[in-house]
Amino acid sequence: MTMHKCTIDDLELLREISIETFTDTFGADNTPEDLAAYLERAYHPDQLRSELANPDSSFYFIYLESKLAGYLKLNTGVAQSEEMGLDALEIERIYVRSAFKRRGLGKQLISFAIQHARETEKTAIWLGVWEHNTRALEFYRVLGFEKTGAHSFYMGDDEQTDYIMTKRLEAF
């Protein structure tokens, strides 16, 4: 397993894996129109270019056996999708390709995010999880995340609820 910090040169590959993994995860649970509207907005090249240029956001690819298996997006400061303070780190996106699931990569990505949070002296790590994604909710609970709130997530025109899950980190 290796990690690679994404740059603007990775934009097209980031866009491809983003659309693929998001569709695999949520496509069956949403209308084609709402899914298409979300994918166009969230993964438009201009949107991803802006996110890659943001100094408070970073993307990382994870490779297994030299094959791109998934990715992670981390936010700090004002890049966080909710105001959680300067001592928090957000995992905004964490996706693993279907062919690589059940191989421990999700745990590796979470461990990487926690290590990054500790290195940057954050005291909390958090993420949003769709309230109906029971598999993900249980995965995060097992890793020590607790439900601390909720916020709206728009899939096209469909307003959905994401639970905010937070893991407190030990003091430094």
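Below, the figures for the structure above:
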quantity: Exposure ranking of 16, 65 by accessible area [1.4 Å probe, largest first]; calculated: 65, 16
quantity: Cα shape, segment 59-157, gyration tensor, a/c 1.5 rule; calculated: oblate
quantity: Cα-centred dipole magnitude for segment 21-98, charges only on beta-carbon of K, R (+1) and D, E (-1), debye, nearest 20; calculated: 380 debye
quantity: Label-to-label distance, nm, for residues given as residue 151 and residue 53 (7 Å Cα→Cβ offset); calculated: 2.3 nm
quantity: Cα-centred dipole magnitude for segment 24-155, charges only on beta-carbon of K, R (+1) and D, E (-1), debye, nearest 20; calculated: 700 debye
quantity: Relative contact order (percent, whole number), the chain, Cα cutoff 8 Å, 6+ residue spacing; calculated: 19 percent
quantity: Shape category assigned to the chain from the gyration tensor of Cα positions, a/c cut at 1.5; calculated: rounded
quantity: Solvent-accessible area, 1.4 Å probe, carbon plus sulfur percent, for segment 103-172; calculated: 45 percent
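The values are calculated or read from the model by the stated rules, or taken from the named source; none is laboratory data. Quick caveat: nothing in here was measured; it's all calculated off a predicted structure. Neighbour counts are summed over all protein chains in view; Cβ atoms, including those assigned to glycine, are modelled from backbone coordinates with ideal geometry. Ligands, DNA and RNA are excluded from the accessible area calculation, which covers all protein heavy atoms including side chains. Shrake-Rupley method; radii C 1.70, N 1.55, O 1.52, S 1.80 Å.
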